[in-house]
Structures are given as structure tokens and as C-alpha cells.
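Structure first, commentary second.
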Amino acid sequence: EKNEQKKIFDIEVTKVVNEPQPVVGDEVIFTIEVANIGDVTASDVLISEVIPNGYVFISAITTAGTYSEFNGEWIVGQLLPGQVEILEITAEVLGDGDYTNVAFVENASGGTDNNIENDEATATVEPICLTIYNEFSPNGDGVNETFVIDCLERFPNNKLEVYNRWGNLVYSKDGYSNDWSGTSNGRALVNDSEELPVGTYYYVLDLGDGSEARVGWLYINR
């Protein structure tokens with residue numbers, strides 16, 4: 001019985017994210033800790049940490065073992081009693097997808113884990129959405145080239161309309177997807193597909209979800 005008693009360990013997984021309300025496109029850091037809080041060595045410790053599709057993996061660093069972003073496995077190896085190891089993952093936040101990031105003990109041998117309640121930990125974010133970047137400069141320099149609204153991909157039935165200061169419709173798109181570079185497709189005084197002049201325009205964005213249309217000014221700078 002004494003021998004049996006000695007083969008009990010307790011692997012504990014904890015996890016935090018450094019920014020629970022990130023802006024879409026920003027990077028967040030997940031910190032996953034695995035600890036052996038028992039008094040028997042655990043070996044072949046393997047933690048599953050699959051990045052969900054609300055993120056793009058950027059990089060990972062660990063204090064022990066290796067992490068593969070391809071299968072989401074952190075191979076920790078041996079954990080002595082009292083030993084703590086850390087995995088830090090940096091990921092970019094997307095405008096849509098699953099943000100709940102779960103880490104759990106996939107394997108540990110050399111004894112019995114006497115508390116499985118602490119074998120899993122979750123961290124999630126709630127991105128700040130529908131931020132409208134109302135000044136853009138479609139001049140080919142690769143920065144602010146299009147009119148962007150964060151998380152718009154969650155609203156596929158949206159409709160965007162843009163008017164010039166005289167109230168003429170210069171651009172309209174059903175299912176707008178953050179790709180307008182300031183050319184006209186309206187039937188206004190400007191020719192179709194013509195670059196609109198620098199200046200202030202008025203947008204009406206209907207998300208198509210029953211909510212009130214969002215309206216405001218935008219500025220095209222070249």
C-alpha cells in the first residue's frame with residue numbers, strides 16, 4: 001500500500017492571456033504553466049494547446065521541451081515534484097472565429113494523477129469590434145490602403161454606401177469586405193472605377209443583422 005501511495009502525482013495546468021479585450025490585428029500572449037504539485041516524478045508529460053481559428057500563430061517560447069504549432073502539442077517530458085514549466089504563445093487576433101484557447105494534460109505517466117480537476121485551463125479574449133478606421137490613404141504605399149471596419153466578416157449580409165459631400169452615391173457594396181480603395185462605382189458625376197478625389201465622404205453601413213445603420217464621415221487622403 002505504501003508503494004501505491006508513492007505513485008501519486010498531481011499535474012496542474014494554468015493559463016492566462018495578457019489582453020482580454022484586444023483590437024483586431026493586435027498580438028496577444030498566452031502564458032501556459034504546467035506544474036507537478038505532487039511528490040512523485042511524472043514522465044512523458046504532454047500538454048495539448050491547439051490555437052483556435054480566431055488567431056494566427058506567431059511564435060512560441062518554452063522553459064522546457066518543445067511546442068509544435070502544427071499539432072498543438074507541448075512535449076514537456078519529465079516533471080519532478082515541485083517543478084514548474086512555462087509555455088508562452090504569441091498570436092494575432094482575427095476579426096472572426098473561435099477565441100477560446102484550451103490547454104490540457106494529454107499524457108503523463110509514472111503514476112496516477114490524483115486530481116484531474118486542474119488538468120485543463122482556458123483563456124479567451126473578446127476583441128473590440130466594429131471599430132471604423134475612417135481615414136485611409138489609397139496611394140500604394142501599403143499602409144491604410146483600404147476602408148477597414150474590424151470584425152465586419154461576422155456580418156456577411158452587410159451593405160456599405162458612400163456618398164460625396166453633395167449627397168451623390170459614389171460607392172455601394174453588398175457584403176463589403178474591407179477592400180474598398182477609394183474608387184467610384186456609383187452613378188454619380190464621377191466616372192465608374194475612377195479614383196475619388198481627396199476629401200471627406202459620408203458612409204452608411206447596414207450590418208444586415210437588424211441593428212440600426214451606422215453612419216459617419218470618412219476621409220480619403222492620397
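For segment 72-87, does any single residue satisfy the condition of being within 30 Å of residue 130 (Cβ to Cβ) and either under 21 Å from the mean Cα position of the chain (by Cα) or of a type in the set (Phe, Trp, Tyr) (or both)?
No, there is no match, as no residue in segment 72-87 is within 30 Å of residue 130 (Cβ to Cβ) and either under 21 Å from the mean Cα position of the chain (by Cα) or of a type in the set (Phe, Trp, Tyr) (or both).
Go through (1) touching a Pro at 6+ places or on another chain (Cβ under 7 Å); (2) of a type in the set (D, E, K, R); (3) in contact (Cβ under 8 Å) with a residue 40 or more places away in the chain one by one and return the number of the condition residue 214 breaks.
Failed condition: (1).
Quick one: in segment 196-218, which of the residues that are outside any loop (DSSP other than H, G, I, E, B) and charged (D, E, K, R) is least open to solvent (accessible area, probe 1.4 Å)?
My answer is 206.
Do you know which of the residues in segment 35-70 that are open to solvent by 60 Å² or more (accessible area, probe 1.4 Å) and without any contact (Cβ under 8 Å) to a residue 12 or more places away in the chain is farthest from residue 15 (Cα to Cα)?
Here the residue is 70.
Could you tell me which residue of segment 106-152 is nearest to residue 27 (Cα to Cα), considering only residues that are charged (D, E, K, R) and either modelled with pLDDT under 95 or more than 21 Å from the chain's Cα centre (by Cα) (or both)?
If we take residues in segment 106-152 being charged (D, E, K, R) and either modelled with pLDDT under 95 or more than 21 Å from the chain's Cα centre (by Cα) (or both), then 145 is nearest to residue 27 (Cα to Cα).
Considering only segment 2-51, how many residues are within 32 Å of the chain's Cα centre (by Cα) and assigned to a strand (DSSP E or B)?
Summing the residues that are within 32 Å of the chain's Cα centre (by Cα) and assigned to a strand (DSSP E or B) in segment 2-51 gives 24.
Within the group 79, 94, which residue is under 30 Å from residue 219 (Cβ atoms), touching a residue at least 60 places away in the same chain (Cβ under 8 Å) and buried (at least 16 other Cβ atoms within 10 Å of the Cβ)?
Being under 30 Å from residue 219 (Cβ atoms), touching a residue at least 60 places away in the same chain (Cβ under 8 Å) and buried (at least 16 other Cβ atoms within 10 Å of the Cβ) holds for just one of 79, 94, which is 94.
Condition test on residue 154, is it among the basic types (Lys, Arg) and touching a Ser or Thr at 6+ places or on another chain (Cβ under 9 Å)?
Considered against the rule, which asks whether it is among the basic types (Lys, Arg) and touching a Ser or Thr at 6+ places or on another chain (Cβ under 9 Å), residue 154 comes out as no.
Might you let me know whether segment 118-128 holds any residue that is open to solvent by 40 Å² or more (accessible area, probe 1.4 Å), assigned to a strand (DSSP E or B), under 28 Å from residue 8 (Cα atoms) and touching a Phe, Trp or Tyr at 6+ places or on another chain (Cβ under 6 Å)?
yes
Which ones in segment 97-117 are open to solvent by 70 Å² or more (accessible area, probe 1.4 Å) and in a loop (DSSP other than H, G, I, E, B)?
Passing the criteria: 98, 114.
The values are calculated or read from the model by the stated rules, or taken from the named source; none is laboratory data. What you are looking at is a predicted structure, and each value in this text was computed from that prediction instead of being measured. A quick note on method: Cβ atoms are made from the backbone with ideal geometry, for glycine too, and the neighbour counts reach across all protein chains shown. Areas reflect the complete protein model, heavy atoms only, side chains present, ligands, DNA and RNA absent. Shrake-Rupley method; radii C 1.70, N 1.55, O 1.52, S 1.80 Å.
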